[in-house]
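The values are calculated or read from the model by the stated rules, or taken from the named source; none is laboratory data. Being a predicted model, the structure only gives us computed values, none of them experimental. Don't worry about glycine lacking a Cβ; one is built from the backbone with ideal geometry, like all the others, and counts go over all protein chains shown.
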């Protein structure tokens, strides 16, 4: 469902977010490297999540569209079945 690039970006971003506190301990809490790693990680993670939400939304829309189509087919079938029963009852009454 997800593209490989999206999964990779999400994985790298999540890893960088998780790594930022470790980098902060090594280099100092307010270092530029810590800020850079944390910022890059957040950006990549957010991009991956946005792509996932977009794909999920599109898949949900497609599922709703298909469900609506099946619902209409079911209604049409029920109407045709009712007409067939009425025709059969009418032909029995004519005999």
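Descriptive notes on the structure:
- For the range 38-51, the criterion of being over 26 Å from the mean Cα position of the chain (by Cα), at pLDDT 70 or above and assigned to a helix (DSSP H, G or I) is satisfied by at least one residue.
Quick grid of which residues meet (1) modelled with pLDDT of 70 or more; (2) touching a helix residue (DSSP H, G or I) at 6+ places or on another chain (Cβ under 9 Å); (3) surrounded by 13 or more Cβ atoms within 10 Å (Cβ to Cβ):
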{"residue": "11", "(1), (2), (3)": "yes, yes, yes"}
{"residue": "24", "(1), (2), (3)": "no, yes, yes"}
{"residue": "35", "(1), (2), (3)": "yes, yes, yes"}
{"residue": "53", "(1), (2), (3)": "yes, no, no"}
{"residue": "61", "(1), (2), (3)": "yes, no, no"}
{"residue": "64", "(1), (2), (3)": "yes, no, no"}
{"residue": "76", "(1), (2), (3)": "yes, no, no"}
